[in-house]
1. Among the residues of segment 252-277, what is the count of those that are more than 16 Å from ligand 1 (Cβ to nearest atom) and out of contact with any helix residue (DSSP H, G or I) (no Cβ under 9 Å at 6 or more places or on another chain)?
2. For the structure I just gave you, tell me whether residue 185 is within 15 Å of ligand 1 (Cβ to nearest atom), crowded, with 20+ Cβ neighbours inside 10 Å and at pLDDT 95 or above.
3. Pick from 253, 249: which is crowded, with 16+ Cβ neighbours inside 10 Å and out of contact with any strand residue (DSSP E or B) (no Cβ under 9 Å at 6 or more places or on another chain)?
4. Out of all the residues in segment 194-217, is one or more crowded, with 21+ Cβ neighbours inside 10 Å, within 16 Å of ligand 1 (Cβ to nearest atom) and either in contact (Cβ under 8 Å) with a residue 12 or more places away in the chain or under 24 Å from residue 275 (Cα atoms) (or both)?
5. Please work out if residue 292 is touching a residue at least 40 places away in the same chain (Cβ under 8 Å), within 16 Å of ligand 1 (Cβ to nearest atom) and either over 15 Å from the mean Cα position of the chain (by Cα) or not in a helix (DSSP H, G or I) (or both).
6. Out of curiosity, is residue 190 within 19 Å of residue 68 (Cβ to Cβ) and in a loop (DSSP other than H, G, I, E, B)?
7. What is the number of the single condition among (1) at positive phi; (2) within 16 Å of ligand 2 (Cβ to nearest atom) that residue 163 does not meet?
8. Here are 309, 298, 280, 238: which of them is surrounded by 17 or more Cβ atoms within 10 Å (Cβ to Cβ), under 18 Å from the mean Cα position of the chain (by Cα) and closer than 23 Å to residue 113 by Cα?
Ligand SMILES: [Fe+2]
Ligand SMILES: [Fe+2]
């Protein structure tokens with residue numbers, strides 16, 4: 001097994017997290033775990049909903065998290081999303097609302113494993129011991145999926161689902177990388193976290209966006225809906241040629257909490273969305289609840305995952 005890159009000791013210089021307000025991207029994931037505590041002894045769907053309803057996440061959220069959502073909700077507009085799609089996506093990457101994205105000049109060409117290493121160079125300013133935080137979350141997620149005997153494409157999805165966070169290394173602000181996702185160009189659902197911060201979003205003044213359907217046809221399908229820009233949508237476009245639709249739904253909508261936790265935006269979904277969305281819920285439990293103090297043995301796991309990556313992906317992709 002020649003040329004296996006060693007994680008955590010890349011040739012790339014570590015890059016500090018982009019400017020706040022979060023101390024690091026993990027702070028958003030930690031907030032999600034507090035907002036949706038792990039249900040105990042109950043069917044997944046019912047228990048998660050109950051636990052969520054009885055918690056006051058607003059009171060518990062740290063000031064940085066609130067400030068993060070304030071910025072996210074203020075800046076994620078139709079114009080911003082269209083600009084980011086133009087900047088990052090190729091013309092073949094989808095035609096949401098009939099708008100073709102402009103040409104994309106890939107910033108890097110690299111393999112999936114290399115992208116994991118690259119993401120790992122995003123280190124946490126506040127904690128010198130978390131230089132492997134990103135890869136550990138990826139591996140803890142994928143290993144839990146593997147332990148439960150799920151198909152190989154599902155295990156691989158667990159490994160790669162957050163690779164879109166390399167957007168931070170391209171200089172994107174945190175609010176354009178992480179955060180709950182939701183459609184722009186139509187009414188905001190009340191299920192969106194910290195809805196009060198949407199008051200500052202300039203889309204509020206566009207009459208066309210103020211109805212439930214907004215700029216979309218009812219039942220048009222989420223593929224034609226412009227979602228807030230972040231790591232989910234970006235990664236979907238990078239890997240969309242190589243994974244089955246269930247995996248692509250998990251990747252593209254894993255932060256779409258208003259829909260997969262609260263059933264919002266059902267009026268924009270089509271049959272494909274309804275069919276595949278249940279996989280997002282299955283995946284979400286692994287994403288949120290597999291964080292543990294036990295650190296995965298990256299070196300020992302590497303050969304298995306390199307083989308798995310090679311089964312589905314070519315040696316290099318455009319990022
Ligand atoms: Fe994520
Ligand atoms: Fe994740």
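The values are calculated or read from the model by the stated rules, or taken from the named source; none is laboratory data. None of the values given here were measured: they were computed from a predicted structure. FYI the Cβ positions are ideal-geometry reconstructions off the backbone, even for glycines, and counts take in every protein chain you see.
1. Result for segment 252-277: 3.
2. In short, no.
3. Unique residue meeting the criteria: 249.
4. There is no residue in segment 194-217 that is crowded, with 21+ Cβ neighbours inside 10 Å, within 16 Å of ligand 1 (Cβ to nearest atom) and either in contact (Cβ under 8 Å) with a residue 12 or more places away in the chain or under 24 Å from residue 275 (Cα atoms) (or both).
5. The answer is no for residue 292.
6. No; evaluated as a whole, the condition is false for this residue.
7. Status for residue 163: all satisfied but (1).
8. 238
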